[in-house]
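Below is one structure, written out as C-alpha cells; comments come after it.
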Amino acid sequence: MEILVCARRVPDTSENEIALNSAGNDIERDDLVYSINEWDNYAVEEALQIVARIGGTVTVVTVGNDDDEEVLRREMAMGANHGVLISDPAFDGSDAKGIATILKTFIQKGRYDLILTGVQAEDGGAQVGGMLAALLDYPFASLVNSLEVLDGGKLKISREIEGGNKEINEIDLPCVLSIQTGINEPRYVGMRGIRQVASVPIPTFNASSLGIDPSNVGEAAARVKRVDYFVPALGKGAQMLEGSREENIDKLVELVAAKGGLK
Amino acid sequence: MLESTYIPAQAGRWLSQWQILFLTIHALGIACFGYIVAKRMVPLLRAERDFRFDQPLVRLGRVLQFWLGQWKHPRYRTAGVIHIVIFAGFIVLACRAFSLLFFKISGDFLMPGFSGTTGNIYDVITDYAATMVFFCMVIAATRRLVFKPARYAVPPGYGKAHTVDAIFLLVLIAVLMVADSLFAASTVAGRFQQGEPVEALAVLSLPWILKSALASTSLPTLWNIRLGAYLLHQVTFYFLLCYRPFGIQFHVETSLFNVYFAKLNRGTLKPVRWDVSDEHLDQVESFGVKTFEDFTWKHILDFYSCADCGRCSDNCPSHAVGRPLSPRFLTIKARDYSFKHYPVLGNAGNGTALVGGIYSDDEVWSCTTCGACEEECPLLVEYIDKIVDLRRGLIDDGNVPQSLQKPLKALESRGNPYGKMEKKKAEWAKAKDFQSTCDVKILDGNRQADTLYFVDSITSYDDRMQSIGRSTARILDHVGENYGILGAAERDSGHEVRRFGEETLFMALRDHNVEAIQASGARRIVTADPHSYNALKHDYKDVPPVEHISQVIAREVKAGKVKFNPVENQTAVYTYHDPCYLGRHNQIYDDPRDVLDAIPGLKRVEMKRSRDRSFCCGGGGLMLFYEPKEDQRMGVKRVQMAAEAGANVIVTACPFCMANIEDAIKVAGLEGRMTAIDLAELVDQQMIRQVCATVSVNPPDRVAQQESILEPKTAIGG
C-alpha cells in the first residue's frame, strides 16, 4: 500500500515557555525548539506498521521551508521511505485551505492509496485533513484510533467519540484519515538514526514545479487571517485544604462530588 | 574375573591387568571433555570482541584475591565458609587426583616433592581435605533440602527449581570423595594385612574411618574394593568433568579465566564496540546486543561461569521490589539459550532476538545500574555492561518506553530531560536573598575561575534540588574556592543517557560539555551530583580532575577550614545513605561519614545495608521518568531500613537520592517522623561562618515547602 503522511513541524509545547511577543500578534519565536507535531508522529508510526504488515511504502510530506527538513529526516529515520518538502515563498501565510490546496496538487501528481494526517497540529485548527479529502473528493474519517486493512480496497477503522467510546466504520480506499494519538506507541528516533539519513536527498517542490497558481494560495488567498494572540489571565489560586490527611480526604471527596465529579 | 586381580601382592601389578580399561576411560573422558569444551568455545568465537588482555599483573593479583583467596565468599558467612572449604579441598585434591591419574602408568609414581616426610604430611592433608569436602557436601545438601535459603528459590516464571540438579552434583562430588577415601583406606588396610609397612592415615578422617571399618575384611575383598574404588573414582571424575559444562558447575573450570579477564575499572561502561572508535560509530550497522552473538566473548564466559548462588538477585533492589528483573536469571536464561542454540551434538541455531525472546523489555529497563549484583558476585560476573548493551539494542530499534521518549527528546533539543530553557540553567543562583550573599560566577568567557562547579540538570532546574546547589556554592565560597559555573553552556552530563543506552545522544552532550569545560579555563571540577561525578570521571576524556563535594568538605574539615556548630536537636538520629555512584562505583564511603562525625553532638547510626551493600533509592536521571512494574518503591524500602536502624534523619549526597527518598518518606507515611537532608545542606546549615555576621543569618533554603518539577511517576504519561 502506498501511504502518504502529511506532517508538520511545530514548536514543542513541552520544551518551550510560550510567551507573546511585544506586539502581541505572535508568540516569541527566539529560543523555541521545534519537533514534529505529535499527532503526525502517530500517523507515521501507523503507516509504518501497516506497511510492515502488508507491504508498500511510506512517504512523508510537509509544506514549509528548509528548517522543516528536520522533521522529514526524523520521520525517515523512523522508517519512512521518502520525505518530500514543498516549499515556496508564495505559500507563506496560507490558511488551512491554502495548505490543503497545495497538498492536493502534490497528491494528484502521485498515486497514494491512503493519506494520513494528524487530527490537529499543536498550533493548528484541525482543518487540513477534512479540506484535503473534500478537495480530492476522497472519503474522510477523523479521530481514527484503530485501523485494520480489509480485502477489497477497504479499511475497518474506529473513531474516537466523546466519552472514550469507539465508533467502528468501514471506509473505501483511497481515503484520507486523521489519526488520533494513542492509536499506537510511536518508536523512538535517536540522533544516530537521524544522522544515518542525513545525506539522503529530499526532493523539493515549489509552486511552479507543482503547477500551482500562486494567487490561489499564500497570504493573498487566505480567507482566514490571524489577527491576534491571546493568553488567558491566570484564574484564582487553587483552594487549599487544611487539616489532617483524613479530614482533607473527606473534604476533597465532598468537593469533587459537589462539582459532579463523582457519581 | 575380578578374582584374578587380588593374587599379586603389589598393587601396581594387578592394576596393569586393567590397564586397557583405565586407559580407555582416560582417553574417552579427556576426549569427551575436550570436545564439549571446544563446542562451548564456538559462541565465544562468534561473539563480539572484548579487550581484556591488558594489565596482566593486576589481573593476576585479582586472581590471587578473588579466585585463590575467595575474597567475596565470606560476605555470605555460612555458604561462603562452606565454599572456601570445598575450594581448598579441591585444590589439595587436584594434586592427589593427578597422582591417582598417573598411578596406572607406574606403581610408584609420586609427584615430585611428595615423597618422604613432606609426602606423609601431604597425605594427611589430603585425607582431611577429602573428609572436609565430603562433609561440606552433606551440609550443602542439607541446606538445599532442609533450610532452603530463599535466594536459591526459582521465582514463578523463571522455570523449574534447580534443587535436583544441585543435589545431583553434590552427590557426585560426595561419591568422588568417598571413592577417593575408600581407595586410600583399602590400600592401607590391605598392605597392613600383608604385613607391609604403611603410613598412618589421618585420625578421624574419612579414609581413617573407612580403614577401621575394613580392618577385618579379607584380603581378596579388600583388593576388589580397592579396584572398585579406583574405578568408581575414575568414572565419577570423568562423568563430572564432562557433565559440568552443562550446568552451574562449569565454574570449576571457567572461574579462573572469568576472574582473570574480569572488568578492572569500576564506574566505566564498555564502548559500543571495542574495535570501533567514537568517530567511526556512525558506520556501525547495529548498536548494542540484539542477538546472543552480539554479546562479547567475556560476557558469554560470564554466563558459563555463573554458579547460580543467587547472591546478585538477593542484593538487587529491582528484584527486591518485585520488578521483573533478576540478575541471576539474566545470566541463567542466557546460558540456557546458549546451550540450546549451540548444542554439544548438532549444529548451532540461527540467532534470534533476545528481547521478546528470553528477555522482556521491562526486564531490561528495570535496572538502576546500582551495581549491587556485581559487588556481590564471587565470580566477578558483570551485569551493567550487558544491561546497557541490551538497551543500546532496544534504542537502536526504536523500542523505547513512551515515558522515556519525551525526556530523551528534550535532552536532544534542550540539553536537559525536563525540556527547560537553557538560559534558565543558572537561575538557581539568582535567587534574591542568595545572590546578595553568594555571587556565583558564570564562566562565559568574561569571568574566569580555577574551579568549575558542574551543577547538572536536576540541581539546576528542580526547585527542591536547587537548595543543594546553593548549599554547595556557599560551602565553596566559605572555603575560599575561586569557582564558577557554566550556566547556559552546561548540558546534562549524560550519565543516565549513556546508561539507558542512548550512546549517540550521550556523545553529543559530552562533546558539548567538554568543549564548554575546556573553554572555561577551569583547572578542576567539583560537583555535588554523584552521577555527574561518575560521568566526568569515567565517561569524559580531556577534562580537568573532578571531585565530589563530600571529598572537598572532608578535606577542608581536616584542614580546619570548616568547623561546625553542635547539632541542636538532641532527638535527631542521623544515618548516611550511600549513593550508588558515590559509594559502590567510586568507593567514596568514608569522606561523607567523616564529615558527619566531625559535627559535634551528631548521633549517627548505620543501616544494615550500608557502604558497598547500600540499597539503591530507586535510581537517578531518566529512571525518574521510567514507570516500572513493581510492587513497592525502592525508596520506601530504603526509608524503612533507616527507620529500622533507629534513624530519623537520612543524610545523602545525591540529588536523585533526595528526590526518591523524600518521595518515599511520604509514600511510607513517615512524614513528620523522618526527614532527608543532603550532606551539603547539612554542612551549610551547621558550619561556623567566621567573618561576616550577615552571612550566617542565611541558613540553607528551607527545603520541605518547595515544589519539585519531578512529578510523581503516576502523573506522567497518563
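Here, each number is a calculation from the coordinates, and none is a lab measurement. A quick note: this is a predicted structure, and the numbers were derived from the prediction, not measured. A quick note on method: Cβ atoms are made from the backbone with ideal geometry, for glycine too, and the neighbour counts reach across all protein chains shown.
See the values below:
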| read-out | value |
| --- | --- |
| Efficiency of FRET from Cβ geometry, residue B:523 and residue A:18, R₀ 35 Å, rounded to 0.05 | 0.30 |
| Dipole magnitude of the protein assembly as shown, debye to nearest 20 (Cβ charges: Lys/Arg +1, Asp/Glu -1, about Cα centre) | 3820 debye |
| Dipole of the range B:291-396 [Lys/Arg +1, Asp/Glu -1 at C-beta], most positive-end residue of B:338, B:384, B:291 | B:338 |
| Residue among B:571, B:147, B:309 farthest towards the positive dipole end of chain B, charges placed on Cβ | B:147 |
| For the range B:239-357, alpha-carbon Rg and Dmax in angstrom | 16.1, 51 |
| Neighbour-count order for B:344, B:388, fewest beta carbons within 10 angstrom listed first | B:344, B:388 |
| Estimated FRET transfer efficiency when R0 is 30 angstrom, pair residue A:166-residue A:259 (beta carbons, to 0.05) | 0.60 |
| For the range B:201-250 versus the range B:507-522, the gap between their alpha-carbon centres in whole angstrom | 68 Å |
| Shielding by partners - mean other protein chain Cβ count within 10 Å, residues of A:189-201 | 5 |
| Whole-number Å³ per residue for the convex hull built on Cα positions in chain B | 183 Å³ |
| Fewest-first ranking of B:654, A:175, A:6, using other Cβ atoms within 10 Å as the exposure measure | A:175, A:6, B:654 |
| Anisotropy class of the range B:490-541 from Cα gyration tensor, a/c 1.5 cut | oblate |
| Ascending count of other beta-carbon atoms within 10 Å, so fewest first, for B:439, B:678, B:165 | B:439, B:165, B:678 |
| Extent along principal axes [Cα atoms of the protein assembly as shown; Å; largest to smallest] | 123, 84, 61 |
| Whole-Å semi-axes of the range A:94-167's equivalent ellipsoid (Cα gyration tensor) | 22, 18, 8 |
| Reduced Cα scattering model of the range B:147-238, Debye log10 I(q)/I(0), q = 0.10, 0.11, 0.25 Å⁻¹ | -0.39, -0.45, -1.19 |
| Cubic angstrom per residue, convex hull over Cα atoms of chain A | 189 Å³ |
| For residues of B:506-515, the mean tally of beta carbons on other chains within 10 Å | 1 |
| Charge dipole (chain B, unit charges on Cβ, about Cα centre) - positive-most of B:237, B:33, B:648 | B:237 |
| Under the Debye formula (equal points on every Cα, no solvent term), log10 I(q)/I(0) of the range B:404-715 at q = 0.14, 0.15 Å⁻¹ | -1.06, -1.24 |
| Enclosed volume per residue, in Å³, of the convex hull spanned by Cα atoms of the range B:291-396 | 92 Å³ |
| Shape call, the range B:504-652: gyration tensor on alpha carbons, a/c limit 1.5 | oblate |
| Over chain A: helical MRE at 222 nm, DSSP H runs n ≥ 4 each giving -39500 (n - 2.57), nearest 500 | -8500 deg cm²/dmol |
| Share, in percent, of DSSP beta bridges within chain A that are antiparallel, nearest 5 | 45 percent |
| Pairs of Cα atoms farther than 17 Å apart, the range B:30-75, % | 62 percent |
| Cα gyration tensor shape of the range A:147-233, rounded if a/c is under 1.5, else prolate or oblate by comparing a/b with b/c | rounded |
| Highest-first arrangement of B:582-589, B:19-26, B:263-270, where packing means the average Cβ count within 10 Å | B:582-589, B:263-270, B:19-26 |
| Per-residue mean of C-beta atoms belonging to partner chains within 10 Å, peptide B:408-414 | 6 |
| Charge context of residue B:329, other residues only, Cβ under 14 angstrom, K/R +1, D/E -1 | +2 |
| Per-q log10 I(q)/I(0), the range B:135-292, q = 0.13, 0.16, 0.19, 0.21 Å⁻¹ (Debye; single scatterer per alpha-carbon; no solvent) | -0.85, -1.04, -1.18, -1.26 |
| Extension gain (nm, one decimal) between residue B:246 and residue B:55, 0.36 nm per residue minus Cα-Cα | 65.6 nm |
| Value of [θ]222 nm, deg cm²/dmol, for chain B, DSSP H segments ≥ 4, -39500 (n - 2.57) each, nearest 500 | -15000 deg cm²/dmol |
